[in-house]
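I have placed the structure first, in the form of structure tokens, so that the comments after it can refer back to it.
The values are calculated or read from the model by the stated rules, or taken from the named source; none is laboratory data. Small disclaimer: the values here were computed from a predicted structure and weren't measured. For neighbour counting, all protein chains shown are included, and Cβ atoms are generated from backbone atoms with ideal geometry for every residue, glycine included. Remember, those area values only see protein heavy atoms, side chains included, never the ligands or the DNA or RNA. Shrake-Rupley method; radii C 1.70, N 1.55, O 1.52, S 1.80 Å.
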Amino acid sequence: MLDELQVRPGEPARLAERETKSRLGLGEKSDGYARLAELQEQLRELQAHLFGESRRSVLLILQGMDSSGKDSTIRRVFEGVNPQGVWVRGFGRPEEAELARDYLWRVHRDVPRRGKIGIFNRSHYEDVGVVRVKELVPPEVWQRRYHHIREFERLLTDEGTRVLKVWLHISHEEQRARLQRRIDDPERNWKFEPEDIEARRDWPLYQAAYEEAITETSTDWAPWYVIPADRRWARDVAIAQLLVDTLTEMDPQLPPADPRLQGITIP
Ligand code: AMP
Ligand code: MG
């Protein structure tokens with residue numbers, strides 16, 4: 001499943017050709033939820049080992065258009081995982097102290113410590129995404145960032161952080177429905193921002209920006225995955241599977257038993 005969703009390094013992302021509503025061969029929604037429960041159980045165990053080992057970390061970067069499900073992915077996939085082993089950071093408009101430094105400063109400062117799974121709700125990809133679309137810096141400035149980003153992620157990888165990047169791929173129509181629901185449902189009003197309309201108007205510009213950013217930065221060490229996200233349950237299963245596969249491959253080990261403790265009885 002994940003093989004097809006990965007953007008092969010050196011190949012174009014081809015977002016426009018990729019499905020948004022796939023069931024990923026998982027069957028019905030109820031089958032998806034059953035699968036999710038199994039994966040969550042595995043994730044819980046693997047994360048506990050990662051924490052016990054405390055030598056390496058995982059960084060899951062979530063990007064996507066407004067309402068693509070970044071927040072709900074975090075809420076649902078990590079349900080049941082020990083909160084102490086997870087580190088969540090959202091990146092909004094940079095504050096004064098952040099704007100006073102290079103764009104990677106705030107990102108690097110908040111990478112997960114060893115033993116943790118870090119989750120970025122938005123990331124340095126905003127600095128080649130919204131920043132490009134809104135022309136917040138000139139093209140020569142954002143263009144050279146692909147190089148920085150590739151090498152920054154290589155540094156993280158070399159030093160023990162596995163970097164996973166996910167584009168939550170929703171259709172234009174699905175976004176319309178979700179934004180409309182934020183307007184119609186009083187309990188969801190707080191999620192709606194007038195800028196969301198503006199960003200929706202610029203949909204093609206964002207798609208083009210991410211087409212290029214994903215193509216430029218899907219590397220052997222930090223590949224991108226384009227996850228069909230119109231169906232929340234299929235999205236959640238795909239991301240849980242990605243984490244489980246990655247952690248299984250990392251195979252974190254609890255430290256060995258301490259021989260000095262053998263036979264000791266607490267008085
Ligand atoms: P939300 O994810 O709904 O909390 O919104 C966060 C907002 O901050 C989005 O509109 C992002 O595009 C914006 N944002 C995040 N990073 C940057 C950045 N580096 N420059 C400008 N805007 C950003
Ligand atoms: Mg928002």
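Couple of notes before you dig in:
- Carbon plus sulfur fraction of accessible area for the stretch 2-250, probe 1.4 Å, in percent: 48
- Using a probe of 1.4 Å, the accessible surface attributed to residue 147 totals some 100 Å² when neighbouring protein chains are kept in position.
- For residue 248, the accessible area of its heavy atoms, probed at 1.4 Å with every protein chain present, is near 80 square angstrom.
- Pairwise inverse Cα distances across the chain, averaged and inverted, put the Kirkwood hydrodynamic radius at 19.7 Å.
- When 119, 264, 74 are compared by accessible surface with a 1.4 Å probe, the order from highest to lowest is 264, 74, 119.
- Near residue 1, once Lys and Arg are set to +1 and Asp and Glu to -1 for all other residues with Cβ below 11 Å from its Cβ, the sum equals -1.
- Cα extents for the stretch 37-134 along the principal axes, largest to smallest and rounded to whole angstrom: 42, 29, 17.
- Site-free segments of the chain were taken between GluC sites (Glu not before Pro) in DSSP loops having at most 11 other Cβ atoms within 10 Å, sites themselves excluded; the longest one is 160-267.
- Solvent exposure, largest accessible area first (probe 1.4 Å, DNA, RNA and ligands not counted), of 125, 206: 206, 125
- Per residue, the convex hull spanned by the Cα atoms of the stretch 6-46 amounts to 96 cubic angstrom.
- Average accessible area per residue (Å²) across the stretch 1-77 - probe 1.4 Å, nucleic acids and ligands excluded: 50
- About its Cα centre, the chain has a charge dipole of approximately 440 debye under the convention of +1 per Lys or Arg Cβ and -1 per Asp or Glu Cβ, with nothing else charged.
- Sequence-distant residues sharing a close amide H with residue 169 (under 5 Å, placed H): 227, 229
- Projecting the Cα positions of 81, 179, 30 onto the charge dipole of the chain (unit charges on Cβ atoms of Lys, Arg, Asp and Glu, taken about the Cα centre) puts 81 furthest along the positive direction.
- For the chain, the tally of Lys pairs with Cα-Cα distances below 26 Å comes to 15, considering only residues 8 or more apart or on different chains.
- Theoretical FRET efficiency, 1/(1+(r/R0)^6), r = Cβ-Cβ of residue 4 and residue 33, R0 35 Å, to 0.05: 0.95
- Per-residue 3J(HN,Hα) values for the stretch 255-266, derived from phi via the Karplus relation 6.51 cos²θ - 1.76 cosθ + 1.60 with θ = phi - 60°, read x, x, 4, 8, x, 5, 8, 5, x, 6, 10, 6 Hz in sequence order (x marks Gly and Pro).
- Normalised convex hull volume, the stretch 43-93, alpha-carbon set, Å³ per residue: 88
- Based on Cα contacts under 8 Å between residues 6+ apart, the stretch 2-250 shows a relative contact order of 38 percent.
- Estimated 222 nm signal from helices in the chain, with DSSP H stretches of n ≥ 4 weighted -39500 (n - 2.57), rounded to 500: -14000 deg cm²/dmol
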